[in-house]
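So the structure is just underneath, and the comments pick up after that.
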2 protein chains.
Amino acid sequence: MSSQLPAHVRAELTRVVGGEHVRADAASLDAYGQDALGQGRPPDLVVIPASTNEVAALARLCHEHRVPLVVRGAGTGYTGGAVPTRGGVVLSMERLNRILEIDETNLLAVVEPNVITADLQRAVEKVGLFYPPDPASLETCSIGGNVAECAGGPRAFKYGTTKRYVLALEAVLPTGEIVETGSKAVKNVVGYDLTQLLVGSEGTLAIITKVTLRLIPKPPARATLLALFGDIQAAVDAVTALIQRRVVPAALELVDADSLNAVRDHLGREVVPAGTGAVLIVESDGMQTAVDDEIDRVADACRAAGAMRVSLAANEGDRDRLWDVRRLLSASLKATGLLKINHDVVVPRGRVPDLFGVIQHLRDEYRLRIAAFGHAGDGNIHVNLMVDRTDPQQRARAMQAERVLFERVVALEGSISGEHGIGFAKAPYIGIELSPDVIALMKRVKNAFDPNGILNPGKIFPKAR
Amino acid sequence: MSSQLPAHVRAELTRVVGGEHVRADAASLDAYGQDALGQGRPPDLVVIPASTNEVAALARLCHEHRVPLVVRGAGTGYTGGAVPTRGGVVLSMERLNRILEIDETNLLAVVEPNVITADLQRAVEKVGLFYPPDPASLETCSIGGNVAECAGGPRAFKYGTTKRYVLALEAVLPTGEIVETGSKAVKNVVGYDLTQLLVGSEGTLAIITKVTLRLIPKPPARATLLALFGDIQAAVDAVTALIQRRVVPAALELVDADSLNAVRDHLGREVVPAGTGAVLIVESDGMQTAVDDEIDRVADACRAAGAMRVSLAANEGDRDRLWDVRRLLSASLKATGLLKINHDVVVPRGRVPDLFGVIQHLRDEYRLRIAAFGHAGDGNIHVNLMVDRTDPQQRARAMQAERVLFERVVALEGSISGEHGIGFAKAPYIGIELSPDVIALMKRVKNAFDPNGILNPGKIFPKAR
């Protein structure tokens with residue numbers, strides 16, 4: 001792999017950031033060669049710039065010498081978006097981690113990419129403002145990564161995903177130019193919307209160096225409800241009833257029995273009463289009177305769908321414990337020791353029952369353990385195929401099931417990824433959803449940004465044969 | 001100009017749609033050569049296709065023969081986006097005007113581009129759903145045009161502009177391929193967000209033939225408040241106070257005295273009591289209790305800022321009359337007989353007072369009559385330079401003032417257009433806001449879609465020198 005990086009290029013890259021801000025030892029290269037997916041190749045060199053100008057200088061060098069350049073934020077992604085596929089340079093954003101501005105008058109924040117999402121949320125909430133996107137990894141993931149992947153989270157049901165909050169970006173093109181897109185105004189129709197094009201582009205079009213985020217007033221009140229159901233069907237019925245009643249709470253999360261059991265095993269204590277087959281966590285926020293009204297309607301719908309128990313979080317401690325269960329799901333599933341093949345498919349919001357039908361079919365047909373949970377209100381369900389690593393036949397069945405899952409989701413007019421992106425993990429499958437003409441068009445757009453193809457190669461698009 | 005369109009190409013184009021669906025008489029060519037801006041060149045031919053396949057065939061022909069192709073919806077735009085700059089073909093969408101689907105289960109609608117915005121709104125409200133974007137021209141403009149321009153309107157303050165509601169598009173590339181972007185799922189991160197790239201691209205990247213729109217539950221209650229102020233400063237103070245109190249009503253519209261007088265003259269009756277220097281129209285919607293609470297806070301803030309009178313619309317008739325005044329502003333200003341040079345600048349929402357300072361400066365410095373009104377909550381103000389057509393010196397001063405307005409708005413970190421787009425009317429000015437590198441990048445994106453540059457030439461980008 002070091003053939004990717006001739007000694008003189010390595011020296012030039014090192015000169016840009018200074019010797020103390022490069023890593024080339026085996027342990028570092030290994031660490032920077034992995035994200036939450038646990039796959040990927042080590043880079044040849046890690047560079048850690050301190051400024052936009054340094055980023056631009058690094059990009060120019062990689063462009064000129066045609067060296068693969070992969071941008072890394074907090075490395076919490078699930079599809080390999082932040083790791084190399086064939087060596088080259090990892091550009092780590094870890095030193096660009098300051099909140100530059102929280103502007104209470106104009107309701108916005110300006111941040112460097114490596115600000116941790118929860119840190120920003122706490123900072124803005126202190127002054128009565130609110131940044132809604134809340135991916136499960138919010139205590140460890142970064143805003144830059146959230147922008148690159150268009151992160152969602154439970155509150156996306158009411159508040160939308162990251163894209164709805166990005167007003168402006170400073171970015172470095174792979175050819176080295178520093179560009180600014182958008183503005184601090186909440187409306188802007190001057191030229192093409194490059195801001196929204198960069199959001200969710202998985203680090204393949206440009207290197208994001210500064211993010212201007214729209215904030216909203218912090219909702220004055222909230223309430224969190226837990227509803228326990230005997231089986232998944234009853235919980236799904238409750239979701240459908242809520243959609244039909246046109247109730248849009250802040251979050252509407254569903255967790256199935258396999259997922260609950262994994263959390264129980266991981267924590268070493270019961271998290272729900274025995275016999276619980278599924279739970280809904282519903283959060284309402286807004287003005288107190290509206291919250292009270294809404295949560296009543298949610299409780300009614302849950303009871304009508306056959307909930308065994310409906311309870312309200314009595315205080316913030318209660319609430320945090322509820323959400324901890326939800327946020328611990330991924331870690332708990334990983335702790336099973338099984339291989340967790342993690343998908344984040346999404347269907348039109350009324351088709352969640354059909355999606356759970358598909359999941360049950362896959363369990364039966366391919367004899368697989370599948371833990372499913374997620375953002376039921378959005379139709380965005382995390383489907384985790386839990387595979388015994390020592391059983392190659394089971395693994396082969398999981399690969400088959402995976403493809404069938406994607407095909408069925410697209411047949412339901414959904415999408416194969418609602419949050420995690422494509423990276424290299426799902427690149428072989430995008431042809432299930434996108435036509436050859438669309439893929440060709442996306443490649444031409446990629447080429448308009450990155451003529452030498454140096455930025456995050458091997459991602460999104462299937463390998464040419 | 002007919003040199004643009006050789007006889008054999010004209011014959012081939014005519015064959016696609018049938019002779020009864022082309023127009024080539026002088027009156028038609030004149031009519032299709034203008035939009036609400038009142039400028040533009042006539043096309044050589046108007047073609048009126050009935051299907052996506054016909055659109056694709058027309059695009060292919062224009063691509064092959066390098067004939068300029070301009071897509072036209074309802075022709076209500078203010079920047080010349082739907083009219084030719086140098087002959088060629090106008091492709092009118094008027095026959096693609098059906099609501100294909102209103103899907104109550106999945107909360108979405110699928111429409112052809114020439115559905116009138118208000119017609120869609122009425123249709124979805126009948127089943128308890130809501131499509132928020134409400135440009136002032138909503139009774140005459142079309143969804144396709146709204147998507148092409150990313151239309152806003154008063155309710156964008158709370159609900160966002162058109163882009164927030166577009167889930168998926170069917171579009172024909174200028175090279176003739178039919179592509180589908182996005183999906184019916186509310187989250188989708190598969191590949192680049194071409195949907196959002198097409199929204200607001202002003203008909204320069206692709207021809208939109210089908211639009212899938214996200215709908216939301218219709219708010220059960222609403223209230224509309226009118227506050228009268230002695231002068232514009234007091235009204236602006238009230239807006240600032242509302243932003244500071246973190247009140248986000250559905251709409252927060254400001255109208256200045258010049259604008260009010262124009263409506264009075266146009267209607268031939270007083271619309272506000274003598275001595276009114278500015279008004280705010282504020283609408284709140286949601287659950288009844290929340291609406292009551294919010295409108296109380298709005299009324300308090302208006303009174304604290306010195307409102308002469310604060311009144312609530314007692315019924316829907318009252319409400320409609322209030323909004324009629326707002327929607328008649330453009331027509332009333334036009335009816336003055338003066339040339340109305342219409343801008344839609346936008347500043348960060350807390351900087352509306354600074355923007356009104358700029359407007360006053362322009363009135364004084366360039367001795368101009370300027371009527372200003374608009375979406376104060378968004379910082380998006382319609383600034384109308386009202387010019388005596390018979391006074392070339394006044395017109396020259398207006399041209400100077402226009403440039404200063406744009407420069408000041410960009411200095412305030414705003415944008416030269418929040419709703420109307422660039423078209424050809426503002427193309428000479430985009431360099432004030434966008435850097436040469438950004439413009440070059442946008443041109444490369446344009447080229448990725450339209451290698452022969454046939455689609456809506458002469459728009460957005462300044463003429464090369």
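Could you work out how far helix A:436-449 tilts from the main Cα principal axis of chain A, as a 0 to 90 degree angle to the nearest 10?
In chain A, helix A:436-449 runs at an angle near 50 degrees to the longest axis.
Note the buried accessible area between A and B here, summed over both chains, with a 1.4 Å probe, in Å² to the nearest 100.
6800 Å²
May I ask for the Kirkwood hydrodynamic radius of chain A, worked out over all distinct Cα pairs and given in angstroms to one decimal?
It works out to 23.1 Å.
Once you have the Cα-Cα distance between residue B:221 and residue B:360, take 0.36 nm times their residue separation minus that, and quote the gain in nm to one decimal.
46.2 nm
Between copies, how far does the label point of residue A:244 sit from its twins, in nm, shortest first, when each point is 7 Å from Cα along Cα→Cβ?
Label-point separations across copies, in nm and ascending: 4.9.
Given Cβ point charges of +1 (Lys, Arg) and -1 (Asp, Glu) and nothing else, what value in debye, to the nearest 20, does the dipole of the protein assembly as shown about its Cα centre take?
Computed about the Cα centre, the dipole is about 1500 debye.
Step through the residues of region B:199-211 one at a time and calculate ³J(HN,Hα) from phi using the Karplus curve (6.51 cos²θ - 1.76 cosθ + 1.60, θ = phi - 60°), rounding each to whole Hz and writing x for Gly and Pro.
Calculated HN-Hα couplings, in order: 5, x, 8, 6, x, 9, 10, 7, 9, 7, 10, 7, 10 Hz.
Return the loop-located trypsin sites (Lys or Arg not before Pro) in region B:320-389 (DSSP other than H, G, I, E, B) with at most 10 other Cβ atoms within 10 Å of their own Cβ; answer none if there are none.
B:389
List the residues whose amide H sits under 5 Å from the amide H of residue A:129, counting only those 5 or more places along or on another chain, with H placed 1.01 Å from N in the peptide plane.
Hits under the 5 Å cutoff: A:218.
Could you give me D for the protein assembly as shown, from Stokes-Einstein at 37 °C and 0.692 mPa s, where the hydrodynamic radius is the Kirkwood radius over C-alpha pairs? Units µm² s⁻¹, please.
D = 114 µm²/s.
Below 30 Å, Cα to Cα, which lysines can residue A:126 reach? Residues fewer than 8 away in the same chain don't count.
Residue A:126 reaches A:158, A:163, A:184, A:187, A:210, A:218, B:158, B:187.
What percent of all Cα-Cα pairs in region B:168-243 falls into each 10 Å bin, going from 0 up to the bin containing the maximum distance?
Spelled out per bin, shortest first, that is 15, 29, 15, 21, 18, 3.
What is the helix-to-structure angle for A:257-267, meaning the angle in degrees between its Cα long axis and the longest Cα principal axis of chain A, kept from 0 to 90 and rounded to the nearest 10?
That helix lies at roughly 70 degrees to the long axis.
Which Cα, out of A:305, A:333, A:347, lies furthest along the positive dipole direction of region A:262-363 (beta carbon charges, K/R +1, D/E -1)?
A:333
Would you count, across region B:307-465, every pair of lysines whose alpha carbons are under 13 angstrom apart, provided the pair is eight or more residues apart or spans two chains?
For region B:307-465, qualifying lysine pairs total 5.
Using amide H atoms built in the peptide plane, which far-off residues or other-chain residues are under 5 Å from residue A:343 H to H?
Those qualifying (amide H under 5 Å, at least 5 residues apart or on another chain) are A:383, A:384, A:385.
With the crude spin-label approximation of a point 7 Å out along Cα→Cβ, what separation in nm comes out for residue B:300 versus residue B:64?
If labels sit at residue B:300 and residue B:64, their model points lie 7.0 nm apart.
What is the pair-distance distribution P(r) of region B:208-260, computed from all Cα-Cα distances in 10 Å bins starting at 0, with each bin given as a whole percent?
16, 37, 24, 18, 5
Hey, rough spin-label estimate for residue B:335 and residue B:321, points 7 angstrom out along Cα→Cβ, what's it come to in nanometres?
Once both label points are built, they end up 1.7 nm from each other.
Just the number: Rg to Rh for region A:364-424, Cα atoms, Kirkwood Rh, two decimals.
Over the Cα atoms of region A:364-424, Rg/Rh equals 0.98.
Whole-Hz ³J(HN,Hα) for each residue in region B:297-308, computed from phi via Karplus 6.51 cos²θ - 1.76 cosθ + 1.60 with θ = phi - 60°, x for glycine and proline: what do you get?
Rounded to whole hertz, the list is 5, 5, 4, 4, 5, 5, 5, 4, 7, x, 4, 6.
Specify the inter-centroid distance of region A:199-268 and region B:221-295, based on alpha-carbon positions, in whole Å.
37 Å
Residues with amide H under 5 Å of residue A:166's amide H, sequence separation 5 or more or different chain, H placed in the peptide plane at 1.01 Å from N; which?
A:214
Under a point-charge model restricted to the Cβ atoms of Lys and Arg (+1) and Asp and Glu (-1), what is the dipole moment magnitude of chain B relative to its Cα centre, in debye to the nearest 20?
It works out to roughly 820 debye.
If you split all Cα-Cα distances of region A:191-311 into 5 Å bins from zero, what percentages do you get per bin, shortest first?
In whole percents, the pair-distance histogram is 2, 10, 17, 15, 12, 10, 12, 11, 8, 3, 1, 0.
Using just the helices of chain B, give the 222 nm mean residue ellipticity in deg cm²/dmol: DSSP H runs with n ≥ 4 each add -39,500 (n - 2.57), and the total is spread over all residues, rounded to 500.
Value at 222 nm, helices only: -11000 deg cm²/dmol.
Can you list the HN-Hα couplings for region A:159-168, worked out from phi with the Karplus curve (6.51, -1.76, 1.60; θ = phi - 60°), rounded to whole Hz and with x for Gly and Pro?
Along region A:159-168, the couplings run 9, x, 8, 3, 4, 5, 10, 8, 8, 8 Hz.
Once every Cα of region B:253-302 carries one equal point scatterer and solvent is ignored, give the base-10 log of I(q)/I(0) from the Debye formula at q = 0.13, 0.18, 0.28 Å⁻¹, two decimals.
Each listed q corresponds, in turn, to -0.44, -0.67, -0.99.
Compute the helix-to-body angle for A:7-17: its Cα long axis versus the longest principal axis of chain A, expressed 0 to 90° and rounded to tens.
So the inclination is approximately 70 degrees.
Find every distance from the label point of residue B:275 to the corresponding label point in the other copies (7 Å from Cα along Cα→Cβ) and write them in nm, one decimal, shortest first.
Nearest to farthest, the other copies are at 7.3 nm.
I'd like to know which of A:439, A:127, A:172 lies farthest towards the positive end of the charge dipole of chain A, counting +1 on Cβ of Lys and Arg and -1 on Cβ of Asp and Glu.
Value: A:439.
Just name one of A:85, B:247, B:317: the one whose Cα is farthest towards the positive end of the charge dipole of the protein assembly as shown (beta-carbon charges, Lys/Arg +1, Asp/Glu -1).
Sorting the options by dipole projection puts first A:85.
Taking all protein chains in place and a 1.4 Å probe, what share, in percent, of the accessible surface of region B:140-251 do carbon and sulfur account for?
The computed percentage sits at 49.
Please compute, over every Cα-Cα pair in region A:75-186, the percentage with a separation greater than 19 angstrom.
Tail of P(r) above 19 Å: 48 percent of Cα pairs.
How fast does region B:382-465 diffuse by Stokes-Einstein, in µm²/s, taking the Kirkwood radius from C-alpha pairs at 10 °C and 1.306 mPa s?
This corresponds to a translational diffusion coefficient of 109 µm²/s.
Over what distance in Å are the Cα centres of region B:1-70 and region A:20-50 separated?
57 Å
How large is the dipole of region A:16-141 about the Cα centre if only Lys and Arg carry +1 and Asp and Glu carry -1, each at its Cβ, rounded to the nearest 20 debye?
The dipole of region A:16-141 has a size of about 400 debye.
Semi-axes of the equivalent ellipsoid for region B:45-134, please: Cα gyration tensor eigenvalues, times 5, square-rooted, ordered largest first, whole Å.
30, 16, 9
The values are calculated or read from the model by the stated rules, or taken from the named source; none is laboratory data. Worth saying up front: this structure is predicted, and the values here are computed from it rather than measured. A quick note on method: Cβ atoms are made from the backbone with ideal geometry, for glycine too, and the neighbour counts reach across all protein chains shown. Ligands, DNA and RNA are stripped out before the accessible areas are found, and what is left, the full protein with its side chains, is counted by its heavy atoms. Shrake-Rupley method; radii C 1.70, N 1.55, O 1.52, S 1.80 Å.
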